[in-house]
Amino acid sequence: MGLLPSFKLQKLTIYAYADVKRSGRPKGKFEVMYNPTSISMSHQNVFEDLQGINTFGRQARYSYARSESLAVDLVIDGNGVSDFALVRLIEGAKSVSEQIDAFLALSFYMDGEAHEPRFLRLEWGDGVLKHFDCRLDHVDIKYTSFARSGAPLRAELSVTFIADVDEAKQASAISKASPDLSHVRVVRSGDTLPQLCQEIYGSPLHYLRVAQYNRLNHFRDLTPGTTLIFPPLSPPLAS
């Protein structure tokens, strides 16, 4: 018996599910060839720009927090220079193009049942990616080595994932933290009052009260660029 314990190398693995709860067996998985040497995680608060023309600076008003984002670089190598590639060569290796197609099919393309890209879960050891639920935001693919035939032999994928927060937990956190604060939003194209109330209060049911507070006559058709105030839920809204 050896004196030192044996450790199994944990590989970053991406699992795909058809539903947001990520229930049941995953519909597929993608195990990276090389674990990333670094990852970047971004947290961003969004503030409304209320600066007017020929006016002094005004205090930035908090609007909302963007979902956490994760940026990571992945390498797919078909040169057979790694232990991982050697195993795949013995088992019947997939080409670099086939591996990229598998990654895109798993995380980028629309799921036939859900009619949207799949819900992902990243798992890697006991660190920050031990259990990271997310969706693929975008991926940039850079091919860096080619065979004489022109087939790619190595590719670097710059991938950004957006954290997918459980709606029930998010609504609970919002109800505990922010209904007693006023929020200001500038309407963007496609915004609806129930949707904005959902984001701010954790429920779309307050849209009539917000419409009354802002004296909106046609709240079903919000005009982009309009500034709306979402006051505290308690005490009751008052004009």
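Compute the FRET efficiency between residue 102 and residue 45 as 1/(1 + (r/R0)^6), taking r as their Cβ-Cβ distance and R0 = 35 Å, and round to the nearest 0.05.
So, using R0 = 35 Å, E works out to roughly 0.45.
Calculate one ³J(HN,Hα) per residue across the range 185-197 by plugging θ = phi - 60° into the Karplus curve 6.51 cos²θ - 1.76 cosθ + 1.60, and present them in order as whole Hz with x for glycine and proline.
Karplus values, whole Hz, x for Gly and Pro: 10, 9, 5, 10, 4, x, 5, 10, 5, x, 5, 5, 5.
Using a 1.4 angstrom probe on the protein heavy atoms only, line up 41, 33 by accessible area, largest first.
From most exposed to least exposed: 41, 33.
From the protein chains alone at 1.4 Å, what is the descending order of accessible area for 43, 206, 138, largest first?
Sorted by accessible area, descending: 43, 138, 206.
The values are calculated or read from the model by the stated rules, or taken from the named source; none is laboratory data. Note that this is a predicted model, so its numbers are computed, not measured. Positions of Cβ are backbone-derived with ideal geometry, glycine not excepted, and every protein chain shown enters the neighbour counts. Only protein heavy atoms, including side chains, enter the accessible area calculation; ligands, DNA and RNA are left aside. Shrake-Rupley method; radii C 1.70, N 1.55, O 1.52, S 1.80 Å.
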